[in-house]
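> Pasting a structure here, questions to come.
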Number of protein chains: 2
Amino acid sequence: MRIAVAQINTKVGDLQGNFNKILEYADKAKKAKADLVVFPELALSGYPPEDLLFNKEFIFQQCKYVSRLIREIKDIVVVLGYVQPRHERKPYNACTVFHNGEELAIHHKNHLPNYSVFDEKRYFDKGEGSGKGGFKYKGQSIVVNICEDIWLDHGICKIQNSYFEPDIMINISCSPYYASKIYEREDLLIKRAREYKTNIVYCNLIGGQDELVFDGGSMIINKNGRIEARSYQFVEDLLVHKIGTNHDAICTYEKTEEIYRALKLGLKDYVSKNGFQKVVLGMSGGIDSALVAKLAVDTLGKENVVCISMPSMYSSNETQSDAKLYSKELGVEFNTIPIENLFLKYLDELAPWFLNKEEDVTEENIQARIRGNIIMALSNKFGYMPLSTGNKSEVSVGYCTLYGDMSGGFNPIKDLYKTQVYELSKFVGVPESIINRPPSAELREDQKDEDSLPPYEVLDEILKKLMERNEAPKGELENKIAKMLRLSEYKRRQSCPGIKITKRSYGKDYRMPIVNGYHE
Amino acid sequence: MRIAVAQINTKVGDLQGNFNKILEYADKAKKAKADLVVFPELALSGYPPEDLLFNKEFIFQQCKYVSRLIREIKDIVVVLGYVQPRHERKPYNACTVFHNGEELAIHHKNHLPNYSVFDEKRYFDKGEGSGKGGFKYKGQSIVVNICEDIWLDHGICKIQNSYFEPDIMINISCSPYYASKIYEREDLLIKRAREYKTNIVYCNLIGGQDELVFDGGSMIINKNGRIEARSYQFVEDLLVHKIGTNHDAICTYEKTEEIYRALKLGLKDYVSKNGFQKVVLGMSGGIDSALVAKLAVDTLGKENVVCISMPSMYSSNETQSDAKLYSKELGVEFNTIPIENLFLKYLDELAPWFLNKEEDVTEENIQARIRGNIIMALSNKFGYMPLSTGNKSEVSVGYCTLYGDMSGGFNPIKDLYKTQVYELSKFVGVPESIINRPPSAELREDQKDEDSLPPYEVLDEILKKLMERNEAPKGELENKIAKMLRLSEYKRRQSCPGIKITKRSYGKDYRMPIVNGYHE
């Protein structure tokens, strides 16, 4: 049995585009003499379609495309995820198997994830029973299921396995990326293959969708738990494989490279799927904006990246020079728009109201917001997507200015801790003068991040404990950080989207109240 | 049987404060010679606690307070909602009944809402069975259940009713407000009372929590479906009532007044529960900011409201004069900070880059963002909470500037259509010169909203159809509006919280993808 796994990059809502891509990959699979081709979960709607699923017209249109696929694809078995509507009930998250116009099997996702970034119980009813997910083809017993279905130890897959005793189990997925998650998938699938004594075909989505990256990494595992074939992460691929042969290949990446590839895919898809070509960002000469500039160049090409230096009287010669030199090294358009005069003008206009008031964070924020205004003006005038460059450590404790440096359409490093920003910067070759300079917002004289914050190595470990693992703070420092985390929730609520990299990121997986009296 | 219904205003996370309030109201109920006192769903944690529920220490602390209540409250039966943790499983949303240190009954919420603004399946396991929710007291059979449990026609309540044949059914709720929802609750409870031939005691939360307002309106309905007693909406109350007597009172409001009271409660609680006293807003002389200023004065007192006029060369004498006169009429602090010089300075600094480019929306947005910067500077310097004033109609079609007029900690009218802004403005007596002037953003010469948008009466009906009811657009205008709605999602994602007034508001009840190729 020759299996083709179509690890495709769909776009949420783009029914026509996704339909075309499915036809194209079915055709490629036929040309590669595959008996069967597998597409990801909800391949027609894209994933996650979120509240588009409440739009009956959208579901209706999607069904028309499914019917067309069933009619138009000939001479190959197709395994396809789609939204199956029901009369006056929630739809099913379904997997259909068809061949020459005939449906061979249908499965409804039994286990609907409703944790982390997932809200599937908002949209779907759970499938009941398991009797229709299996079929025979060319003497093989095959069964299909969907994503979460295979993750539960005593779930539907176990029942399907007893009932159908399949030679091949096919799982179609949309499993979002976080760092090293591919190894969790590998471990699970190998365990299932051995437990069920069946070959497993795992098809995952690739592509960026808002805050999520789907990393692909589709694989075929034999009954003995050996990975016979696999697709690379982060690229579209048609994996064609005859079960029982061995294409064994290492298709995974060292951790830092894996993260960098996830960032590139997330950025590329957010920019291009939203119809943008060029990006603009404020280039301070600090490490965060340097990394984002490098990432943007590696992702979009130097001709599509515009870097703006916006120095004030607090900007040092060193950072200004680094901003300029590194931009030149990257080959991007680089412009300097000083904000000193604008800043003085604000102080002037506000002087009557600020009489006898000491300088404080207000004056710092005014500068950051002037920069935000300039970046947005360039975005408006030239149609660039503005990138913001705040890392997870800063944004966790509110060390950032709302409507200032937080301005932007997308923040590629939103879910990177500062320590990860350092690792990635070294990995991609950000200049040492930038990497080695003590971090500073440069919004007042001689300001250093470590005047207000503990060293980032310390801070990041505390944040992992409090934010990612939900553990209780212990001691003065941890309690102080917990309070900063709580009090800055209102800022994060207004932050732009960014790419999920850690197991728990801000956004859909961090639904904290703003009004919050716990440990006040 | 004398029943006390404690319609209290809790604060999410504030265990100590909520504990104190429960003690206080139990004491009041005893003084009023009640046999039994009822508190809302999740009274100790506040509602909705969201991801605080993943914090084991929080749940553990909450349980300690529950134990203290059970020990400390004597000589009255207490019905109380709380989070009941379980070993290595999700907790239950529970209702305990206790009396002099002894638990008389326990019920676990069976029907967990996971639609609209609700995510309860993210946090809780559903209760199974119904056998422990009933008890006898003073010869009466009483049964308890929780919120959604009573809304289903063939749910747990029906089973409880058959099993216990209760004289009194108590439902503890946290039912969030939208306009006229109280009548849906009334209809339902009357129907249930008649269907089950039982007296129903309905206890609802009051108070604002982020985007939600809980409006109270607790009530006691007899077996014949007559409302014997009720609490006013939007206020804390201890309703004490002997079942079988008649306190009948109309405690509901005409629709516009009801909405205004909801806005006041939502604004008051957001400001005070976040520890603020004063608010600041940009006062343009237009109807939106006039309504928000009036609302703020009615809610917080004129001494706590600061209005700022920030005219540019495009601001008309009429709007400037209205802003000043109405601020004076309201008795608030009113200051004028012109932005013309700042605006010219931005144009100056950007001139080299904007050479040969036509004026467009860029120049409009620069002005709006200067105003945002000034309002935020005043907020930072004086500790005012900044209010933003964009209505639902504008925000739906993107007729607003991100980081400009969208800046703010809270937007009280975020979920009011422009037509509702007019109704409320008339209701509260905003001056006719403000109400009757054709709406304009005044960001360029002779600009009128209706140059870019259809009349608001038309727009609002289309938005209700597309956004609230998820219906498909028909015809050119509706398709144009649908596109504007889709393309402005990225702005709304970064908007500040505001008060839910309609059945479907932006925020938790509108989870639309930004990357969205549907009908592109």
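The values are calculated or read from the model by the stated rules, or taken from the named source; none is laboratory data. Computed from a predicted structure; not experimentally measured. Using ideal geometry, Cβ is built from the backbone for each residue, glycine included, and neighbour counts are taken over all protein chains shown.
> Condition test on A:Ile150, is it touching a Gly at 6+ places or on another chain (Cβ under 9 Å), of a type in the set (A, V, I, L, M) and in contact (Cβ under 8 Å) with a residue 40 or more places away in the chain?
It is false that A:Ile150 is touching a Gly at 6+ places or on another chain (Cβ under 9 Å), of a type in the set (A, V, I, L, M) and in contact (Cβ under 8 Å) with a residue 40 or more places away in the chain.
> Next question, about the same structure. Those residues that are in contact with a Leu (Cβ under 8 Å, 6 or more places away or on another chain) and either within 9 Å of another protein chain (Cβ to nearest Cβ) or polar (S, T, N, Q) (or both), I need them from region B:382-394; list them, please.
The first filter runs over region B:382-394 and keeps only residues in contact with a Leu (Cβ under 8 Å, 6 or more places away or on another chain), leaving B:384, B:386-389, B:391-393.
The answer is B:Ser388, B:Thr389, B:Asn391, B:Ser393.
> Hey, does region A:277-291 have a residue that's within 14 Å of chain B (Cβ to nearest Cβ), touching a strand residue (DSSP E or B) at 6+ places or on another chain (Cβ under 6 Å) and not small (Gly, Ala, Ser)?
yes
> Would you mind stating whether A:Lys464 is under 17 Å from A:Asn516 (Cβ atoms), away from chain B (no Cβ under 14 Å) and part of a helix (DSSP H, G or I)? Please lay out each step first, then the result.
On the way: under 17 Å from A:Asn516 (Cβ atoms): no; away from chain B (no Cβ under 14 Å): yes; part of a helix (DSSP H, G or I): yes.
No: the conditions fail for A:Lys464.
> Just for region A:400-452: of the residues that are assigned to a helix (DSSP H, G or I) and among the basic types (Lys, Arg), which one is nearest to A:Ile370 (Cα to Cα)? Don't jump to the end; show me each part of the working.
Residues of region A:400-452 assigned to a helix (DSSP H, G or I): A:418-428, A:432-436, A:449-452.
Cutting the leftovers down to among the basic types (Lys, Arg) gives us A:418, A:426.
Details: A:Lys418: 25, A:Lys426: 31 Å.
Of everything passing the filter in region A:400-452, A:Lys418 is nearest to A:Ile370 (Cα to Cα).
> Being among the aromatic types (Phe, Trp, Tyr) and more than 18 Å from A:Val240 (Cβ to Cβ) is the requirement here; does A:Tyr92 meet it? Show your work before the answer.
On the way: among the aromatic types (Phe, Trp, Tyr): yes; more than 18 Å from A:Val240 (Cβ to Cβ): yes.
Considered against the rule, which asks whether it is among the aromatic types (Phe, Trp, Tyr) and more than 18 Å from A:Val240 (Cβ to Cβ), A:Tyr92 comes out as yes.
> Being touching an Asp or Glu at 6+ places or on another chain (Cβ under 8 Å), in a loop (DSSP other than H, G, I, E, B) and within 17 Å of B:Ala368 (Cα to Cα), is that true of even one residue in region B:330-338?
yes
> Another one. Please state which of the following conditions A:Asp451 fails to meet, knowing it meets all the rest: (1) over 24 Å from the mean Cα position of the chain (by Cα); (2) under 27 Å from A:Asp119 (Cβ atoms); (3) free of Cβ contacts under 8 Å to residues at least 12 places away in the same chain.
(2)
> Something else: Mind listing whichever residues of region B:339-375 are charged (D, E, K, R), assigned to a helix (DSSP H, G or I) and at the interface with chain A (Cβ under 7 Å from one of its Cβ atoms)? Before the answer, list the steps.
Our first condition is that a residue be charged (D, E, K, R); within region B:339-375, this holds for B:340, B:345, B:348-349, B:357-360, B:363-364, B:369, B:371.
Going one step further and asking which of them are assigned to a helix (DSSP H, G or I), we end up with B:340, B:345, B:348-349, B:363-364, B:369, B:371.
The answer is B:Lys345, B:Glu349, B:Arg369.
> For region A:2-49, name all the residues that are part of a strand (DSSP E or B) and either in contact with a helix residue (DSSP H, G or I) (Cβ under 6 Å, 6 or more places away or on another chain) or of a type in the set (D, E, K, R) (or both). Talk me through it step by step, then tell me what you get.
Step one: of region A:2-49, the residues part of a strand (DSSP E or B) are A:2-7, A:36-38.
Selection gives A:Arg2, A:Ala4, A:Ala6, A:Val37.
> Another question, if that's okay. Only one residue in A:Val458, A:Val421, A:Val430, A:Val397 is away from chain B (no Cβ under 14 Å), more than 18 Å from A:Gly286 (Cβ to Cβ) and of a type outside the set (Lys, Arg). Which one? Lay out the reasoning, then the answer.
Values: A:Val421 fails: more than 18 Å from A:Gly286 (Cβ to Cβ); A:Val430 fails: more than 18 Å from A:Gly286 (Cβ to Cβ); A:Val397 fails: more than 18 Å from A:Gly286 (Cβ to Cβ).
A:Val458 is the lone residue from the list that is away from chain B (no Cβ under 14 Å), more than 18 Å from A:Gly286 (Cβ to Cβ) and of a type outside the set (Lys, Arg).
A quick yes/no check of all residues on (1) of a type outside the set (Gly, Ala, Ser); (2) under 29 Å from B:His519 (Cβ atoms):
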{"residue": "A:Lys242", "(1), (2)": "yes, no"}
{"residue": "A:Lys255", "(1), (2)": "yes, no"}
{"residue": "A:Tyr260", "(1), (2)": "yes, no"}
{"residue": "A:Gly266", "(1), (2)": "no, yes"}
{"residue": "A:Asn274", "(1), (2)": "yes, yes"}
{"residue": "A:Val280", "(1), (2)": "yes, yes"}
{"residue": "A:Leu291", "(1), (2)": "yes, no"}
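> Go over the candidates B:Glu432, B:Glu476, B:Glu468 one by one and state the one that is more than 28 Å from the chain's Cα centre (by Cα), at pLDDT 95 or above, of a type in the set (Asp, Glu) and more than 27 Å from B:Val361 (Cβ to Cβ).
Values: B:Glu476 fails: more than 27 Å from B:Val361 (Cβ to Cβ); B:Glu468 fails: more than 28 Å from the chain's Cα centre (by Cα).
Checking each option against the conditions leaves just B:Glu432.
> For residues that are acidic (Asp, Glu) and in contact with a helix residue (DSSP H, G or I) (Cβ under 7 Å, 6 or more places away or on another chain), scanning just region A:397-444, find the one that is nearest to A:Gln209 (Cα to Cα). Give the derivation first.
Of all residues in region A:397-444, those acidic (Asp, Glu) come to A:405, A:415, A:423, A:432, A:442.
Those still in the list that are in contact with a helix residue (DSSP H, G or I) (Cβ under 7 Å, 6 or more places away or on another chain) too: A:405, A:415, A:423, A:442.
On the way: A:Asp405: 23, A:Asp415: 15, A:Glu423: 25, A:Glu442: 34 Å.
That would be A:Asp415.
> Of all residues in region A:20-46, count the ones that are more than 10 Å from chain B (Cβ to nearest Cβ), surrounded by 20 or more Cβ atoms within 10 Å (Cβ to Cβ) and of a type outside the set (Val, Ile, Thr). Steps first, answer last, please.
Applying the first criterion (more than 10 Å from chain B (Cβ to nearest Cβ)) to region A:20-46 yields A:20-44.
Next cut, surrounded by 20 or more Cβ atoms within 10 Å (Cβ to Cβ) only: A:21-22, A:25-26, A:29, A:34, A:36-44.
If we keep only those that are of a type outside the set (Val, Ile, Thr) as well, we get A:21, A:25-26, A:29, A:34, A:36, A:39-44.
Summing the residues that are more than 10 Å from chain B (Cβ to nearest Cβ), surrounded by 20 or more Cβ atoms within 10 Å (Cβ to Cβ) and of a type outside the set (Val, Ile, Thr) in region A:20-46 gives 12.
> Could you please find all residues in region A:467-482 being exposed (fewer than 14 other Cβ atoms within 10 Å of the Cβ) and assigned to a loop (DSSP other than H, G, I, E, B)?
A:Arg469, A:Lys474
> If I ask for residues that are in contact with a helix residue (DSSP H, G or I) (Cβ under 9 Å, 6 or more places away or on another chain) and under 23 Å from B:Val292 (Cβ atoms), which ones from region B:456-491 would you list?
Once the filter is applied, which keeps residues that are in contact with a helix residue (DSSP H, G or I) (Cβ under 9 Å, 6 or more places away or on another chain) and under 23 Å from B:Val292 (Cβ atoms), region B:456-491 yields B:Tyr456, B:Glu457, B:Leu459, B:Asp460, B:Leu463, B:Met467, B:Ser488, B:Lys491.
> Any idea which of B:Lys491, B:Lys508, B:Lys500 is of a type in the set (Lys, Arg), closer than 28 Å to B:Ile259 by Cβ and assigned to a helix (DSSP H, G or I)? Write out each step before concluding.
Values: B:Lys508 fails: assigned to a helix (DSSP H, G or I); B:Lys500 fails: assigned to a helix (DSSP H, G or I).
B:Lys491 is the lone residue from the list that is of a type in the set (Lys, Arg), closer than 28 Å to B:Ile259 by Cβ and assigned to a helix (DSSP H, G or I).
> Any idea which of A:Thr319, A:Thr256, A:Thr252, A:Thr299 is over 27 Å from the mean Cα position of the chain (by Cα) and of a type in the set (Val, Ile, Thr)?
Details: A:Thr256 fails: over 27 Å from the mean Cα position of the chain (by Cα); A:Thr252 fails: over 27 Å from the mean Cα position of the chain (by Cα); A:Thr299 fails: over 27 Å from the mean Cα position of the chain (by Cα).
Of the residues listed, the single one that is over 27 Å from the mean Cα position of the chain (by Cα) and of a type in the set (Val, Ile, Thr) is A:Thr319.
> If A:Ser407 meets every condition in (1) over 24 Å from A:Ile514 (Cβ atoms); (2) within 9 Å of chain B (Cβ to nearest Cβ) apart from one, which number is that one?
Unmet for A:Ser407, out of (1) over 24 Å from A:Ile514 (Cβ atoms); (2) within 9 Å of chain B (Cβ to nearest Cβ): (1).
> Which one is surrounded by the fewest Cβ atoms within 10 Å (Cβ to Cβ) among residues in region B:1-19 that are among the small types (Gly, Ala, Ser) and in contact with a Gly (Cβ under 7 Å, 6 or more places away or on another chain)?
Looking only at region B:1-19, we keep the residues that are among the small types (Gly, Ala, Ser), and these are B:4, B:6, B:13, B:17.
So of that shortlist, the ones also in contact with a Gly (Cβ under 7 Å, 6 or more places away or on another chain) come out as B:13, B:17.
Values: B:Gly13: 25, B:Gly17: 15.
For region B:1-19, the residue satisfying everything is B:Gly17.
> Which residues, taken from region B:301-335, are exposed (fewer than 14 other Cβ atoms within 10 Å of the Cβ) and under 26 Å from B:Glu445 (Cα atoms)?
Matches in region B:301-335: B:Met313, B:Asn317, B:Glu318, B:Ser321.
> Out of all the residues in region B:186-209, which are over 17 Å from the mean Cα position of the chain (by Cα) and either assigned to a helix (DSSP H, G or I) or within 14 Å of chain A (Cβ to nearest Cβ) (or both)? I'd like the intermediate steps shown before the answer.
First pass over region B:186-209, keeping only residues over 17 Å from the mean Cα position of the chain (by Cα): B:186-203.
If the condition is that a residue be over 17 Å from the mean Cα position of the chain (by Cα) and either assigned to a helix (DSSP H, G or I) or within 14 Å of chain A (Cβ to nearest Cβ) (or both), then B:Glu186, B:Asp187, B:Leu188, B:Leu189, B:Ile190, B:Lys191, B:Arg192, B:Ala193, B:Arg194, B:Glu195, B:Tyr196 are the ones that fit.
> Moving on. Only one residue in A:Lys138, A:Lys126 is surrounded by fewer than 18 Cβ atoms within 10 Å (Cβ to Cβ) and in contact (Cβ under 8 Å) with a residue 40 or more places away in the chain. Which one?
Just one listed residue meets the conditions, A:Lys138.
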